[in-house]
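Let me begin by presenting the structure, written as structure tokens, before commenting on it.
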Amino acid sequence: MKRYGYLPPDTDTSAALYSEEGLSNVIIEIQKFGAIPQTGKLDNATLQLMSAPRCGVPDIQHKRSKRYTIVSKGWSRRNITYYVANWPYTVGEHKTKKDIKLALTTWGKYGRLRFEEVDGSHADIIIAFAREYHGDSFPFDGQGNILAHAFFPNEYLNFAGDVHFDADEDWTKEPSDEGIYFYAVALHELGHSLGLAHSAVASSIMFPYYKYDTSNLNLDYDDILGIYELYIRSGPIDDYPYIPETDDSHWTSTARTINPYTTPSYFPTTESNEVIHEEDVETIRNQGTDITTLSTPTTDSSHLPDICEGNFDAAAMLREELFIFKDKYVWRLKEKNIIEENYPVPIKQMFPKLPSRVGRIDAAYERPDGMIIIFSGKEVWIYDGYEFVENSPQPLSSYGLPNNLDKIDAAQIWDKNV
């Protein structure tokens with residue numbers, strides 16, 4: 001249950017106990033994602049579901065806010081490269097690459113994306129077959145159960161966008177063959193690579209469990225809505241004039257001497273020092289909405305406070321990025337010691353609906369449900385990524401603080417408590 005997000009993992013400081021009612025609610029969620037009757041009991045149908053072949057990424061994303069399955073910012077460009085590192089001998093090189101191309105094209109036509117196969121591990125998306133532990137902290141389990149897993153687009157992790165298939169599965173070329181139809185799983189996993197999570201809609205390609213009836217592998221309305229939202233409604237600016245593909249002219253590759261099922265060279269042979277958390281498999285950056293500014297930031301540097309002097313008003317990890325607040329400005333760091341280009345910007349530019357009386361931010365944190373909580377003076381604001389909600393502003397006293405308290409200096413989450 002923890003592996004697929006239905007229960008939070010134990011931390012270094014605690015392990016949780018769950019009431020009978022709480023576990024029943026969890027079982028209902030499992031049944032919902034399996035499209036079986038939601039009884040809340042571990043009946044035979046549920047036990048069979050829990051041992052069925054499926055995708056290895058979590059079903060539950062606790063910050064998800066939309067009906068369709070977006071949990072990532074998606075790729076920041078429309079030209080995306082991919083590399084097929086190896087392939088199963090039961091499918092072969094030609095059919096493996098043909099199926100990968102078809103799966104990417106199927107998604108791409110709804111997101112106006114173009115994919116190019118390249119010959120090397122510098123590609124955006126690396127597709128590989130591997131067994132058991134293969135260097136990403138998410139080992140496979142042999143034949144059955146977990147078929148494959150994928151990582152979301154995020155340019156700051158080594159495995160971002162990559163797809164790994166369990167080499168111990170009985171992969172097949174055609175849906176009529178006995179075994180696991182490779183194309184069906186590839187279409188699903190590449191949806192993750194582009195930014196989509198699991199869907200509880202049984203007809204969706206992003207349904208987490210393998211469907212043995214693979215005769216109708218078309219994107220569901222839920223799938224199309226998700227890819228449209230990521231890459232059309234709020235996606236990257238076109239970096240090329242989009243022309244629908246009608247031939248194979250730009251799909252070129254050079255034959256390579258790679259033994260099927262060998263571990264690709266980009267996989268570390270020993271444990272990496274890089275920590276990849278369970279959430280990273282399904283969602284790397286943002287499972288609700290990213291934090292954006294109103295327009296391209298422009299700030300007169302001559303009037304900026306010096307960030308190197310310290311004395312910040314607040315610092316907070318929001319959407320897995322570090323934000324530092326000082327006076328009326330905010331700095332944004334996506335990587336360690338690297339300030340995002342064109343920052344700082346006025347706080348008002350990041351949170352345009354804050355009233356003018358809010359001159360600085362005293363503290364901020366991100367709630368487990370993805371809401372951003374902002375403290376300023378005697379007021380508390382709850383931000384969902386688009387607007388302030390939950391009757392914002394609320395008084396500090398709504399958090400059980402004294403009525404005569406003028407402000408707080410900091411807020412910290414410790415084992416889910418503030």
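The values are calculated or read from the model by the stated rules, or taken from the named source; none is laboratory data. Everything quoted here is computed from the prediction, not taken from an experiment. A quick note on method: Cβ atoms are made from the backbone with ideal geometry, for glycine too, and the neighbour counts reach across all protein chains shown.
On the stretch given as the stretch 155-166, residues that are surrounded by fewer than 22 Cβ atoms within 10 Å (Cβ to Cβ) and either over 22 Å from the mean Cα position of the chain (by Cα) or not aromatic (Phe, Trp, Tyr) (or both) total 4.
The numbered conditions (1) buried (at least 17 other Cβ atoms within 10 Å of the Cβ); (2) assigned to a strand (DSSP E or B) are all true for residue 358 except (2).
Of the residues in the stretch 372-385, at least one is part of a strand (DSSP E or B) and either outside the structural domain of residue 318 (by TED's automatic domain parsing) or over 23 Å from residue 321 (Cβ atoms) (or both). Filtering the stretch 193-205 to residues that are closer than 23 Å to residue 49 by Cβ and either of a type in the set (Ser, Thr, Tyr) or not in a loop (DSSP other than H, G, I, E, B) (or both) leaves 196, 199, 203, 204.
Pairing each residue of the stretch 346-367 that is farther than 10 Å from residue 328 by Cα with any residue that is assigned to a helix (DSSP H, G or I), provided the two are 6+ apart or on different chains, yields C-beta distances under 9 Å for 354/347; 354/348; 356/348.
Residue by residue, here is whether (1) crowded, with 20+ Cβ neighbours inside 10 Å; (2) in contact (Cβ under 8 Å) with a residue 40 or more places away in the chain; (3) out of contact with any Ser or Thr (no Cβ under 8 Å at 6 or more places or on another chain) holds:
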position	(1), (2), (3)
143	no, no, yes
148	yes, yes, yes
171	yes, yes, no
175	no, yes, no
200	no, yes, yes
203	no, no, yes
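Here is a check on your reading of the model: is residue 57 part of a loop (DSSP other than H, G, I, E, B), among the aliphatic types (A, V, I, L, M), at pLDDT 80 or above and surrounded by 15 or more Cβ atoms within 10 Å (Cβ to Cβ)? It is false that residue 57 is part of a loop (DSSP other than H, G, I, E, B), among the aliphatic types (A, V, I, L, M), at pLDDT 80 or above and surrounded by 15 or more Cβ atoms within 10 Å (Cβ to Cβ).
Here residue 85 clears all of (1) at pLDDT 95 or above; (2) closer than 27 Å to residue 175 by Cβ except the condition numbered (1). Screening residue 98 against (1) basic (Lys, Arg); (2) without any contact (Cβ under 8 Å) to a residue 40 or more places away in the chain; (3) in contact with a Leu (Cβ under 6 Å, 6 or more places away or on another chain) leaves a single unmet condition, (3).
Is it true that residue 86 is assigned by TED's automatic domain parsing to the domain that holds residue 225 and surrounded by fewer than 17 Cβ atoms within 10 Å (Cβ to Cβ)? No.
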